[in-house]
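Structure first, then comments.
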Amino acid sequence: MAELRARQQIEFDRKKEEIELLQREKEKELETVHEKIKQAISKKDEQVQALRGQFEAAVKRADHLEGLLAQQRKLIAATPSNGNSAPKKALPS
């Protein structure tokens, strides 16, 4: 009877150690996955920041170009027009 209990205790201890080992391995795997997720989020955040910068630069450029276009329209509207936009050549006498 004592021998059976001793074997059961040995088997119990062995299974307990096996469970603890598996738990440690799973913890390490979770830490690895967590770190990879953090890196992916960090990379995504960097890409979002870069895209925001590009967007802001594009908006500034568009605003600038719209301003130039408005100036051009004003100049064209202010220039007297005689119906022919091509420059006239002097006629020979």
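Work through the residues other than GLU66 whose Cβ is under 14 Å from its Cβ and net out their charges, Lys, Arg +1 and Asp, Glu -1. Before the final figure, lay out the partial values.
Working: positive: LYS60, ARG61, ARG73, LYS74; negative: ASP63.
That works out to +3.
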* **[x] 21.9; [y] 20.8; [z] 14.7, with the label sought being that of the calculated Kirkwood radius over Cα pairs in Å** => [x]
* Structure fact -> Straight-line reach check, LYS44, cutoff 17 Å on alpha carbons, 8 or more apart in-chain or any other chain, hits among aspartates and glutamates -> GLU35
* Just tell me which aspartates and glutamates come within less than 20 Å, Cα to Cα, of LYS36; anything on the same chain fewer than 8 places away is out. => GLU25, GLU27, ASP45, GLU46
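Just so you know, all these numbers are worked out from the coordinates, no wet-lab data involved. Just so you know, these numbers come straight off a predicted model, no measurement behind them. Please note: Cβ atoms are built from the backbone with ideal geometry, for glycine as well, and neighbour counts cover all protein chains shown.
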